[in-house]
Amino acid sequence: MTTARPADLAPRHFQLRCALAYGAAIAVNGIALPYFPVWLESLTFNEVEIGIVLAAPMILRVIAAPLAGALADRIPERANVLLWSGVLSLLTALALFVTEGFWPVLVVFGLQAAVFAPYVPVVESIAVTGVQRWGFQYGAMRVWGSIGFVVSTLLAGELIGIWGGTVVPSALSIVFLLTIVAAYAAPRLGRAQPAGISPEAGGGPSLLRRMDLHALMIGTSAVQASHGMFYAFSAIHWQQIGFSGGAIGMLWSAGVIAEILVFFAAGWLARRFSPWTLIRLGSAVAIARWMLFPLPLGFWGYLALQCSHALTFAFVHIGVQHRLAETVGEDQASSTQGAYFFYNGALLALSTFLSGLIYREYGLPSYMLMAVFAAIGLVGVVLAARIQPQSAGSGGKTSEPS
């Protein structure tokens with residue numbers, strides 16, 4: 001069903017506002033993912049403490065995201081959740097300036113994880129609503145999140161190269177301020193509409209009890225969780241083997257630049273490949289990526305390997321978002337995104353916690369555990385495709401293109 005678009009939400013305006021929200025939100029990750037461990041190391045935390053500080057707040061995050069998603073589906077304007085999330089996150093970033101010691105850092109970073117948790121799922125639900133209502137291109141909006149990641153990673157890498165890891169709280173404060181600006185600019189769509197968007201997207205109360213959806217979200221979350229050791233320890237490893245802050249920023253950015261190219265081509269990919277094909281291919285490449293990572297590749301070898309992020313993250317992410325857009329009604333979009341965020345966060349917390357324990361003992365060979373995570377995820381995706389109601393095995397019509 002096509003819904004009339006408000007006059008102030010022309011396609012260009014809608015996509016620009018969503019792009020700004022994505023850019024600000026993912027820029028936070030562009031600093032926190034590669035460099036928060038470096039800041040923790042500057043506080044003389046050991047590997048186990050770093051793993052705990054990075055993993056434990058994910059528990060609060062995965063609890064907060066589904067609750068906030070369900071709330072966003074029920075309030076008159078879901079974009080208001082973004083404003084509160086940005087303001088509270090900024091306050092926690094400012095608190096890091098006066099926080100020292102393992103337990104205080106754990107508490108403040110945990111609060112930050114909880115209050116920022118709703119931001120990305122709500123932005124995703126707004127963007128997917130644009131796809132469902134008016135046929136906007138998801139990749140054209142989401143790509144700006146990746147661009148924000150690259151810009152923040154490169155800038156923070158240069159700053160860390162000059163002043164060290166102590167600049168991380170300042171950098172986080174700046175990007176959280178940008179999330180507040182983006183929250184004010186985010187599209188206002190009003191209350192989510194209950195009508196289904198396709199014969200498959202019923203929007204009924206039983207939707208989130210469908211086992212194929214949960215298998216899909218768990219499987220793809222396991223593939224994304226296989227990046228946990230990389231997020232926690234790659235920058236530290238590259239620093240230890242002599243790479244400069246700028247070089248580390250280049251390595252992180254190379255993967256995201258490859259990801260950006262995929263998002264720009266998302267519309268072309270979606271027309272030629274099913275969501276299942278994109279997810280399976282990305283999952284298979286993730287297994288190979290983590291098996292190769294422990295090898296002594298040197299800068300250029302790691303640079304080439306980083307480009308596989310285009311598949312291990314972007315293909316999987318585009319595939320699952322298109323599949324959810326096909327399946328989930330608008331009135332459950334935020335709830336579903338919150339559930340997906342829950343699975344992502346829970347499995348990433350598990351992989352990050354295990355990374356802190358295992359990496360300390362075994363070093364680079366520990367990446368084989370991440371290959372196992374990716375393999376488990378691929379199994380989950382294959383299962384989801386087999387048990388979906390439209391699959392031939394379920395007695396219905398398959399959603400795979402012939």
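Tabulated data for the structure shown
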read-out	value
Close pairs from the stretch 225-246: first β-branched (V, I, T), partner not in a helix (DSSP H, G or I), Cβ under 9 Å, at least 6 apart	I241/P296
Lone qualifier among A68, A64, A72 - being open to solvent by less than 10 Å² (accessible area, probe 1.4 Å), touching a Pro at 6+ places or on another chain (Cβ under 9 Å) and among the small types (G, A, S)	A72
Test: residue in the stretch 329-340 that is surrounded by fewer than 22 Cβ atoms within 10 Å (Cβ to Cβ), out of contact with any Gly (no Cβ under 6 Å at 6 or more places or on another chain), outside any helix (DSSP H, G or I) and modelled with pLDDT under 90	no
Failed item in (1) within 13 Å of the chain's Cα centre (by Cα); (2) open to solvent by 10 Å² or more (accessible area, probe 1.4 Å); (3) under 24 Å from R209 (Cβ atoms), with V320 passing the rest	(2)
Near pairs, Cβ below 9 angstrom, 6+ apart or cross-chain, from the stretch 256-270 (of a type outside the set (A, V, I, L, M, F, W, C)) to any residue that is crowded, with 22+ Cβ neighbours inside 10 Å and not in a helix (DSSP H, G or I)	none
Residue match in the stretch 47-55 (condition: at pLDDT 85 or above, open to solvent by less than 50 Å² (accessible area, probe 1.4 Å), more than 30 Å from Q332 (Cα to Cα) and part of a loop (DSSP other than H, G, I, E, B))	no
Filter result for V120 (at pLDDT below 85, of a type outside the set (D, E, K, R) and either farther than 24 Å from S152 by Cα or open to solvent by less than 60 Å² (accessible area, probe 1.4 Å) (or both))	no
Residue within the stretch 219-232 that is in a helix (DSSP H, G or I), modelled with pLDDT under 90 and either surrounded by fewer than 23 Cβ atoms within 10 Å (Cβ to Cβ) or in contact with a strand residue (DSSP E or B) (Cβ under 9 Å, 6 or more places away or on another chain) (or both) present	yes
Helices (runs of 4 or more DSSP H) (entirely within the stretch 93-189) containing at least 1 residues that are closer than 20 Å to Y340 by Cα, in contact (Cβ under 8 Å) with a residue 12 or more places away in the chain and among the small types (G, A, S)	102-116, 119-134, 138-163
Residues located in the stretch 261-298, provided they are open to solvent by less than 20 Å² (accessible area, probe 1.4 Å) and either within 18 Å of the chain's Cα centre (by Cα) or under 30 Å from H237 (Cα atoms) (or both)	V262, F263, A266, P275, L278, I279, G282, S283, A286, R289, W290, F293
From the options L60, L67, residue that is under 17 Å from N344 (Cα atoms) and in contact with a Leu (Cβ under 9 Å, 6 or more places away or on another chain)	L60
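The values are calculated or read from the model by the stated rules, or taken from the named source; none is laboratory data. The structure displayed is predicted, hence computed values, not measured ones. Don't worry about glycine lacking a Cβ; one is built from the backbone with ideal geometry, like all the others, and counts go over all protein chains shown. Keep in mind that these areas ignore ligands, DNA and RNA; they rest on the heavy atoms of the full protein, side chains included. Shrake-Rupley method; radii C 1.70, N 1.55, O 1.52, S 1.80 Å.
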